[in-house]
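Here the structure is laid out as structure tokens; the discussion comes afterwards.
The values are calculated or read from the model by the stated rules, or taken from the named source; none is laboratory data. Quick caveat, the model's predicted, so the values are computed rather than measured. Neighbour counts run over all protein chains shown; Cβ positions are idealised from the backbone, glycine included. Ligands, DNA and RNA are excluded from the accessible area calculation, which covers all protein heavy atoms including side chains. Shrake-Rupley method; radii C 1.70, N 1.55, O 1.52, S 1.80 Å.
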Amino acid sequence: MKYVLILLYILLPLFASAKTIEVCPTCPVSQIKVGIDLAEEGDLIIIKAGTYKEHDIKITKNNIRIKGEGRPVIDGEMVGTVFHFSGSNFTLSGLKIIHVGHSYTQDFAAVLVINAKHFEIDDMILEKVYFGFLVEKSKHGVIKNCIVSSKNKDEAGAGNGVHIWKSSDMLVTNNDLHGMRDGIYLEFVKRSKMTHNHSHGNIRYGLHFMFSNNDEYSNNTFENNGAGVAVMFSKYIKMSENTFLLNWGDSSYGLLLKEIYDAEIHDNEFIQNTIGINIEGSTRINYSNNNFRNNGWAVKVKGACYKNKFYKNNFLQNSFDISYKGQINSNEFKSNYWSEYTGYDLDKNNVGDIPYRPVKLFSYIVNETPETIVLLRSLFVDIINFSEKVTPVFTPDNLVDASPAMKPIPKRKPQ
Amino acid sequence: MLKILKYSFYDLMRSRWSYIYFLFYLALGFVLLFLFNDVSQAVITIMNIILVLTPLIGTIFGVMYYYDSREFTELLLSQPIKRRNIFLGQYIGVATSLALSLFLGLGIPFVTYGLFQSSEIWNFSLLLVTGVFLTFIFVALSYNLALSYDNKIKGFGFAILLWLFFAVIYDGLFLILLLSFSDYPIDKLALIGSSLNPIDLSRVLILLKLDISALFGYTGAVFKQFFGSSTGMISSFALLLAWVILPTWRILRKSKRKDF
Amino acid sequence: MNIKIKQLYKNFGKVEVLQGLDLEVSENGIFAVLGPNGSGKTTLIKCILGMVIPTKGDILLNGESVLNEWAYRSKIAYLPQIAQFPHNLKVQELIKMIKEIRGESQREQEIIELFKIQPFLDKKLGTLSGGTKQKINILLAFMFESELIILDEPTTGLDPVALIHLKELIQEEKRKGKTILVTTHIMKLVEEIADKIVFLLDGKIYFEGTVPQLQEQTGEKDLEHAIANILKDTYA
């Protein structure tokens, strides 16, 4: 055995720069770590089916490609991080990583990437992990077609599915993330895209932005999380064609916007969330062509919001369409469709002739005194809502949709 | 008493109004299930209707039956029967026939739409149980009024006022109370206030069982803690029961001293 | 039956209807309770039946107080003034119900035939005419053997044939030794059947005696005039 290794070592440089190293339980190279050590820049390491009990596999060289065949299982034995990349231009695919160590002091991950550029992680299955993919100070990375899951119950002992910190130009696409703390967590991440991910059953958020600018997420589904998506302290975020579904619980919501500026939110579906969008201190946000269906509150505006524009959205069968705190502050509602609108359209231009007031009196009262929610769906509430609708006294006078649509706004073709 | 109950019940079950009431619920059940095609959606709409309609119909029917059968009651009074049995029998007869209309009227469409396969069966049962309670409560209350006022018009007027009070005015006063104390912790007050009115109590009991309870937020947590516990469940049904027993007791007391 | 009424008072609010009425009926026979409207006839009857609760005083039937009792009513048959029954019960069901309360009847068929009620047995009570309802009432009152029979305006709505049958029934009961109390405004009937007259005025007994006694006292041959005479004297 030893001679074979030595022989290989001597012979290797003789071949062309890229060579293939096979790792399998019965192969000469039966450990991944050994394979890595043997690899030169540009080499391909193929890991064959089998179970490998390894952790702290460090890859520092550039241009290393690691590929699993027959879905090999790497068992971290609950000790620490499993793969640790710090080189650039690597690819990783086809593996299943299980049992990543938990720690309250260190962020152990199935795959840790630090200071890497141009990497691609594809077709990975991560189970019972602490953090799934932990990416720090990296650029131009792709994470796609992965399934990350864990069975966490409480927030403190759980890690995030995809956790990216201080990075830019990342693409996270077509992944399935569940049972984590946050499905995807981004902090100080720029110019990145999250698309076609399915983030569900996570304890905290499906997707979580902190201090991240110029990012975009689209075509994702956020289902049944503690809360769907939280976007905080970020600028220039584009959110489109996502589905926020069943984020239902005492103070749950589909989308939380907190201290964000200049965002575009369009063509999303908000279905059966306690709160569709919860907005706090956000400015210059455009909401258009979204569908809000069967939510408790479709949109809850909690103050310090300026120049938010709601155009051409559909508000369908929500318990409350809008809850609004504070001044109108040049926020605008225009050309939306409201399923509770009862006005008429005499000139047949598909625009209602009388304005619609989306804030009901009861919604206003509940905002002032939350305990009054116990009167929800009582006859008295219906009566005061009706009288307020006829002659508004309490609800913000200028919070109106002056041109409500008579028919639901049709869904736009995917762009 | 059972004899009176039986014949009052026979009489009412054959009355046109019982049929109309029954058919109304039957149609409502089928239409809602047809529209929503979803038992849980239908449950919440039916809740709204039950909470308004059963007290109203119970009140009106109670008063109407009392005034309508006054002469017959006199005939019965001249027979060797205890007074209390006559009134108890009539009251239970009216309430039972109304409750049965509700029960069958809504039960039939839901069962045919596969209620037993649905997870909503408990919510639906709770809905029916509170509907039956409300019927008994409001028939008893209206019987009280009718016993107190020989003048039909007065009796009717007060009965409608009674319904209006519990269905609407109470909530208005309750809301004012909540708003005027909004600077204090008032979730206990909210809890007590909604327990004292049988309509509110029924509404809260049902809402807490439905998904929509998430809208209750923090207040809901207090409510859930209370109503979710067995003590809360037992005490709320005890309250509903008290709303049946106290007016019934007053019917007996009142009828004992009344001249016909 | 022995009826003894002691110092009976009844007021409805401020209106004093009975003001210390004393009456004793010890022999059997037919007693006509007469008096102007509001004199307390119906109230007296309802007190005996336990439908009106007296303010003061006592009522003894066969020596036992009946206030707040109920079982004694099985000895009384009552024919009320206005007949109203549950609309949706059938005649037969009503009869069955009363039988369930009072026990089996010996004379049901006989009276049904007498008043020709047969065709109505399967009809709902709400569909019957006033006269037919009164016949049903008569049936319910006479189908049981009762020591005391109380008839409150029994002739209301009856056709002449039925009226004749009713009188026969009353006479027959008298022969059997029953006590019969009748209130009526029809003096011919009183003259025809009453053994004794009890005349109420302002909640007290104004006159108690036979028809000839009354005629003698007032000096009027005609009963109607005799009554009018009393009223004229008191209200003049």
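Roughly how far apart, in whole Å, are the Cα centres of the stretch A:127-167 and the stretch B:187-233?
Each part reduced to its Cα centre gives a spacing of 40 Å.
Express the Stokes-Einstein translational diffusion coefficient of the stretch A:217-278 in µm² s⁻¹, to the nearest whole number, given a Kirkwood radius over alpha-carbon pairs, 20 °C and a viscosity of 1.002 mPa s.
Working: Rh = 11.3 Å.
Here the translational diffusion coefficient equals 189 µm²/s.
In whole angstrom, how far apart do the alpha carbon centroids of the stretch C:188-236 and the stretch C:1-53 sit?
For the stretch C:188-236 versus the stretch C:1-53, the Cα centre distance is 17 Å.
Under a GNM of chain A (C-alpha, springs under 10 Å), which listed residue has the highest mean-square fluctuation: A:Phe85, A:Phe188, A:Phe386?
Ranking A:Phe85, A:Phe188, A:Phe386 by mean-square fluctuation puts A:Phe386 first.
If Lys and Arg each add +1 and Asp and Glu each add -1, what is the summed charge of the other residues whose beta carbon sits under 10 Å from the beta carbon of A:Cys146?
Charge balance near A:Cys146 sits at -2.
I'd like the isolated cysteines in the protein assembly as shown, meaning no second cysteine's beta-carbon lies under 4.7 angstrom from theirs.
If one checks each Cβ against the other cysteines of the protein assembly as shown, A:Cys146, A:Cys305, C:Cys47 turn up with nothing under 4.7 Å.
What is the Cα radius of gyration of chain C over 2.2 N^0.38 Å, N being its residue count?
Working: Rg = 18.1 Å, N = 236, 2.2 N^0.38 = 17.5 Å.
Against the compact-globule rule of thumb, the ratio is 1.03.
When the gyration tensor of the stretch C:65-122 is built from Cα positions, what are the square roots of 5 times its three eigenvalues, in whole Å, from largest to smallest?
Equivalent ellipsoid semi-axes, largest first: 24, 14, 12 Å.
Taking every Cα atom in the stretch A:49-390, find the radius of gyration and the maximum pairwise distance Dmax, and write them in Å.
22.5, 74
Shielding by partners for B:164-171, please: the mean number of other protein chain Cβ atoms within 10 Å of each residue's Cβ.
Details: counts 1, 0, 1, 4, 7, 1, 2, 8.
The mean count of partner-chain Cβ atoms within 10 Å per residue comes to 3.
Tell me the angle of helix A:2-11 to the major Cα principal axis of chain A, expressed in degrees between 0 and 90 and rounded to the nearest ten.
80
For chain B, list log₁₀ I(q)/I(0) at each q in 0.08, 0.09, 0.17 Å⁻¹, using the Debye formula over Cα point scatterers of equal strength and ignoring solvent, two decimals each.
-0.35, -0.44, -1.30
Using 7 Å Cα-to-Cβ label points, what is the B:Ile20/A:Asp250 separation (nm, one decimal)?
4.7
Give me the summed buried accessible area for the B-A pair, 1.4 Å probe, to the nearest 100 Å².
Looking at B and A, the buried total is near 2300 Å².
Can you tally the net charge around C:Gln134? Count Lys and Arg as +1, Asp and Glu as -1, for every other residue whose Cβ sits under 11 Å from the Cβ of C:Gln134. Don't skip to the end; give the middle numbers.
Values: positive: C:Lys133, C:Lys135; negative: C:Glu153, C:Asp159.
For residues surrounding C:Gln134, the net value is 0.
Along the Cα→Cβ direction, 7 angstrom out, place labels at C:Lys221 and C:Glu168. What is the inter-label distance in nm?
So the label points at C:Lys221 and C:Glu168 sit 3.2 nm apart.
Counting only other chains, and only Cβ atoms inside 10 Å, what mean value do you get across the residues of C:153-165?
0
Compute, for the stretch A:49-390, the length of the dipole vector about the Cα centre, with Cβ point charges of +1 (Lys, Arg) and -1 (Asp, Glu) only. Units Debye, rounded to 20.
That gives a dipole near 660 debye.
List the residues whose amide H sits under 5 Å from the amide H of A:Val23, counting only those 5 or more places along or on another chain, with H placed 1.01 Å from N in the peptide plane.
Here A:Ile46, A:Ile47, A:Lys48 satisfy the definition.
Could you please state how large a percent of the accessible area of the protein assembly as shown is carbon and sulfur, counting protein chains only and using a 1.4 Å probe?
C and S fraction of accessible area: 57 percent.
Charges on Cβ only, +1 for Lys and Arg, -1 for Asp and Glu, centred on the Cα centroid of chain B; of B:Leu128, B:Leu208, B:Gly29, which one is farthest towards the dipole's positive end?
Of the candidates, B:Leu128 comes out farthest on the positive side.
For a quick check, take a GNM of chain C with Cα springs below 10 Å and name the residue from C:Phe207, C:Phe12, C:Phe85 with the largest mean-square fluctuation.
Of C:Phe207, C:Phe12, C:Phe85, the most mobile in the Gaussian network model is C:Phe12.
In degrees between 0 and 90, to the nearest 10, how far off the longest principal axis of chain A does helix A:379-390 point, with axes built from Cα atoms?
In chain A, helix A:379-390 runs at an angle near 70 degrees to the longest axis.
Write down the accessible area per residue of the stretch B:62-217 in Å², having rolled a 1.4 Å probe over the full set of protein chains. Can you show the working numbers first?
On the way: 5570 Å² over 156 residues.
Per residue, the stretch B:62-217 has 36 Å² of solvent-accessible surface.
Using alpha-carbon pairs under 8 Å, 6+ residues apart, how would you state the relative contact order of chain A in percent?
The normalised contact order for chain A reaches 6 percent.
Sequence-distant or interchain residues sharing an amide H contact under 5 Å with A:Leu134, placed H: which?
Residues meeting the amide H criterion: A:Val111, A:Leu112, A:Val113, A:His163.
For B:Ala238 and A:Met406, what is the calculated FRET efficiency with R₀ set at 51 Å and r taken between the beta-carbons, to the nearest 0.05?
Given R0 = 51 Å and the Cβ-Cβ separation, E is 0.50.
Within the stretch C:115-157, find all residues whose amide N lies under 19 Å from a label point positioned 7 Å from the Cα of C:Ala71 along Cα-to-beta-carbon.
Of the residues in the stretch C:115-157, C:145-148 have backbone N under 19 Å from the label point off C:Ala71.
Below 8 Å, C-alpha to C-alpha, sequence gap of six or more: please give me the relative contact order for chain C in percent.
Details: 403 pairs, mean separation 63.3, N = 236.
Computed over chain C, the figure is 27 percent.
Quick one: Debye curve from the alpha-carbon atoms of the protein assembly as shown only, equal weights, vacuum; give me log10 I(q)/I(0) at q = 0.06 Å⁻¹ to two decimals.
So the normalised log intensities are -0.64.
Would you mind checking which residues have amide H under 5 Å from A:Asn175's amide H? H placed 1.01 Å from N; only 5 or more apart, or other chain.
A:Asn145, A:Cys146, A:Asn197, A:His198
What does the net charge come to around A:Ser319 if you take all other residues with beta carbon closer than 13 Å to its beta carbon, with K and R at +1 and D and E at -1?
Summing Lys and Arg as +1 and Asp and Glu as -1 gives 0.
Using the Cα centre as the reference, give the magnitude of the dipole from point charges on the C-beta atoms of the protein assembly as shown (Lys, Arg: +1; Asp, Glu: -1; all else neutral), rounded to the nearest 20 debye.
That gives a dipole near 580 debye.
222 nm [θ] for the protein assembly as shown, helices only, -39500 (n - 2.57) per DSSP H run of 4+, per residue, to 500?
Calculated mean residue ellipticity at 222 nm is -12000 deg cm²/dmol.
What list of ³J(HN,Hα) couplings, whole Hz, do you get for the stretch A:321-327 from phi and the Karplus terms 6.51, -1.76, 1.60, once you set θ to phi - 60° and write x for glycine and proline?
So the J values, rounded to whole Hz, are 6, 10, 10, 9, 10, x, 7.
By per-residue mean of other Cβ atoms within 10 Å, what is the highest-first order of A:403-413, B:55-65, C:69-79, A:35-45?
The densest-packed peptide leads the list: B:55-65, C:69-79, A:35-45, A:403-413.
Select from A:Ser88, A:Gly157, A:Tyr341 the residue farthest towards the positive end of the dipole of the protein assembly as shown; place +1 on Cβ of Lys and Arg, -1 on Cβ of Asp and Glu, and compute about the Cα centre.
Result: A:Ser88.
Mind ordering C:125-138, B:128-141, A:136-149 by average Cβ neighbours within 10 Å, highest first?
Those peptides, ordered most packed to least, come out B:128-141, A:136-149, C:125-138.
Spin-label point model (7 Å from Cα, Cβ direction): what's the C:Lys96 to C:Phe12 distance in nm?
Between C:Lys96 and C:Phe12, the label points sit 3.6 nm apart.
Per the Kirkwood definition applied to all pairs of different Cα atoms, how many angstroms is the hydrodynamic radius of the stretch A:254-299? Display every interim value, and only then the final one.
Working: mean 1/r = 0.0938 Å⁻¹.
Radius from the Kirkwood sum: 10.7 Å.
Given the Cα-Cα distance of A:Gln317 and A:Asn62 and 0.36 nm per residue of separation, how much length would full extension add, in nm?
Length gained, A:Gln317 through A:Asn62: 86.3 nm.
What angle, in degrees between 0 and 90 and rounded to the nearest 10, separates the Cα long axis of helix C:130-142 from the longest principal axis of the Cα atoms of chain C?
The two axes meet at around 80 degrees.
Determine the dipole magnitude for chain B: charges of +1 sit on the beta-carbon of Lys and Arg, -1 on that of Asp and Glu, nothing else is charged, the reference point is the Cα centre, and the result goes in debye to the nearest 20. Please list the in-between numbers first.
Numbers: 20 positive and 13 negative charges, 238 e Å.
The calculation lands at about 1140 debye.
Within 10 Å of each Cβ in A:361-372, how many Cβ atoms from other chains are there, averaged over the peptide?
Other-chain Cβ atoms within 10 Å of each residue's Cβ, averaged: 5.
What helices does chain B have that are whole DSSP H segments, at least 24 Å long along their own axis by Cα, and with mean Kyte-Doolittle hydropathy of -0.5 or more?
B:16-36, B:39-68, B:83-112, B:121-148, B:230-257
Which value, in Å³ per residue, describes the convex hull spanned by the Cα atoms of the stretch C:1-116?
159
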